[in-house]
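Computed from the coordinates by the stated procedures, all read-outs in this text should not be read as laboratory data. Note that this is a predicted model, so its numbers are computed, not measured. Glycine gets a Cβ as well: all are built from the backbone with ideal geometry, and neighbour counts include every protein chain shown.
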């Protein structure tokens, strides 16, 4: 299964590309600009010679796999969704990792913007074609930690979507990355709380000079059996 | 140091009273109704004969210690703050644990209300006298887990306040409870994201049939030295 990463040249997209490639997944790095996508794919291969990675413009990349990761800044989210709309097909899943930080409009990265739909993920859901499930995820994973393969991960990825099956499919992808555990947060409207975790972690990072993440405590069986039920 | 708990007859307030009493702190359980406060104090003593616990109406309780815990439902927060205003003194700290759940108005417990001030904690700050610092905290700790002394805790309490010294004083109180770690989230405006964690955890609880909590990963030294800097 190939994993298209829209905005794969950015920090989070590239970090996820690297970790998924290290897990043996085939990756397509998408960018508005083919040359930039190719440059990022080469950078990834240089770091991980075993990587199966190609490059494409976003609209092409999005057609190459069933689960499409959207890793673009909030400022560019709407524009990207408009371009993806004609190419996304029913049955595909769009994983939205967008965080509506006030930094999008030269505000603080510790402040969340109010999105009319409730969250960036709900905006994505409004702008994707019928039959494409949107899953909110990957907001709390530090791009810097992903980027450094030597760094051991030990944290959760909080997932929200209106279809459990879509959440489960993305959970399986999350589990491919060692040290990441998918946690089911329920319907897509929970995305507004998940997106709020990013500015909270940014505020913690400033104080502790670190790249913090989140772990949910108290899951039965440490959450191990949940997705197999 | 005596710890007044406003709304100490409720689930969260009583749970915190029990744990703090078990740590050797002297507690005053506050309620609108003295008889209910006394009943809760007796219940606490029955469970923990060593407890140093007394009962008072909220306005009296609030005068008995420097750090006052406010553990009331959102629906009653504003009314409680109005009654506390004349008795709180400069130099006191008010710890606000209020979560503006839609359940306050027969909506879902997985939905957060929009509070005009940005968060319940910022509403508290607006309604407390000059010189009283408001600290947001204790939103992610399950009342059920607190209530059961046999239950080992292993989670974080996220703290926000506009004065670091106030955060540090509440952090010291959090550390009295075994298994709870205080994490510095910065200024009070971060409270809106912290308050959003409660509905998120409630949604997770429904799915995993548990009482989940939160742990921040990646803190240097596991956060041990932070408050002693």
Legend entry - Relative contact order of region B:16-151, pairs being alpha-carbon contacts under 8 Å that are 6 or more residues apart, as %: 22
Inset, instruction - Take B:190, A:1 and order them by how many other Cβ atoms sit within 10 Å, fewest up front. - result: A:1, B:190
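Could you check what % of the DSSP bridge pairs in the protein assembly as shown are antiparallel, to the nearest 5? Don't skip to the answer; put the middle values down first.
Working: 9 of 61 bridges.
Given both bridge residues lie in the protein assembly as shown, the antiparallel proportion sits at roughly 15 percent.
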Legend entry - Rounded, prolate or oblate (a/c below 1.5 giving rounded, otherwise prolate when a/b exceeds b/c) for the protein assembly as shown by Cα gyration tensor: prolate
Legend entry - For region B:53-149, alpha-carbon Rg over 2.2 N^0.38 Å: 1.10
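Inside 10 Å of the C-beta atoms of B:199-207, what's the mean count of C-beta atoms belonging to other chains? The partial results should precede the final answer.
Numbers: counts 6, 13, 5, 2, 9, 10, 2, 2, 8.
Mean shielding by partner chains, rounded to a whole number: 6.
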Legend entry - Highest-fluctuation residue, A:68, A:183, A:87 considered, GNM on chain A with Cα pairs under 10 Å: A:87
Legend entry - Gaussian network model of chain A, Cα within-10 Å springs - most flexible of A:100, A:49, A:199: A:49
Legend entry - Highest-fluctuation residue, A:94, A:34, A:20 considered, GNM on chain A with Cα pairs under 10 Å: A:34
Inset, instruction - Quote the relative contact order of chain A in percent (integer), defining contacts as alpha-carbon pairs under 8 Å separated by 6+ residues. - result: 18
Inset, instruction - Please give the average number of partner chain Cβ atoms lying within 10 Å of the Cβ of each residue in A:218-226, rounded to a whole number. - result: 4
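For peptide A:186-192, compute the average count of partner chain beta-carbon atoms within 10 Å of each residue's beta-carbon.
On the way: counts 8, 2, 0, 5, 8, 1, 5.
Mean number of neighbouring Cβ atoms from other chains: 4.
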Inset, instruction - Take B:185, B:71 and order them by how many other Cβ atoms sit within 10 Å, fewest up front. - result: B:71, B:185
Legend entry - Debye intensity ratio I(q)/I(0), log10, chain A, q values 0.09, 0.12, 0.18 Å⁻¹ (C-alpha model): -0.32, -0.60, -1.46
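Among bridges DSSP assigns within region A:46-165, what percent are antiparallel (round to 5)?
Details: 2 of 10 bridges.
Rounded to the nearest five, the antiparallel share is 20 percent.
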Legend entry - Order of A:26, B:155 - criterion: other Cβ atoms within 10 Å of each residue's Cβ, fewest first: A:26, B:155
Legend entry - Beta bridges by DSSP in region A:2-228, antiparallel share as percent, to the nearest 5: 5
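Over region B:1-87, what is the relative contact order in whole percent, taking alpha-carbon pairs under 8 Å and six or more residues apart?
Values: 168 pairs, mean separation 32.2, N = 87.
Relative contact order for region B:1-87 comes out at 37 percent.
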